[in-house]
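Notes for the one structure printed next.
The values are calculated or read from the model by the stated rules, or taken from the named source; none is laboratory data. Please read these numbers as outputs of a predicted model, since none were measured by experiment. Note: ideal-geometry Cβ built from the backbone for every residue, glycine included; neighbour counts use all protein chains shown.
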Amino acid sequence: MPYITGREPGLAGAILDEADIYCGIIADGLHVDYANIRNAKRLKGDKLCLVTDATAPAGANIEQFIFAGKQYTTVTDFVWMRTVR
């Protein structure tokens, strides 16, 4: 995704600037920094949708799991990263 720069809004900047467009954000502090989540909320208001990629292990007390043939490891209580081998 193109970055926001001083001369170009990039995709994210263009979406945040358009009042009629809904957008989603993975609000875990890893995919998107918390400061950017707060800024997106201020700019989009009720048109910001929170998204998760943690549906497979949600609510489980596990350190590792396999999803779609790939192994994942717990990073924090709510964030998992793919284990690269």
Pairs under 6 Å by beta carbon, first residue of a type in the set (Val, Ile, Thr) in region 36-65, partner part of a loop (DSSP other than H, G, I, E, B) and surrounded by 10 or more Cβ atoms within 10 Å (Cβ to Cβ), six or more apart or different chains? ILE37/ALA27
Hey, can you tell me all the residues within region 40-72 that are surrounded by 12 or more Cβ atoms within 10 Å (Cβ to Cβ), at pLDDT 95 or above and not in a strand (DSSP E or B)? ALA40, LYS41, LEU43, LYS44, LYS47
In this structure, does ILE26 turn out to be among the aliphatic types (A, V, I, L, M) and closer than 26 Å to THR55 by Cα? yes
Filtering region 1-28 down to residues that are in contact with a strand residue (DSSP E or B) (Cβ under 7 Å, 6 or more places away or on another chain), surrounded by 13 or more Cβ atoms within 10 Å (Cβ to Cβ), outside any helix (DSSP H, G or I) and not small (Gly, Ala, Ser) yields CYS23, ILE25, ILE26
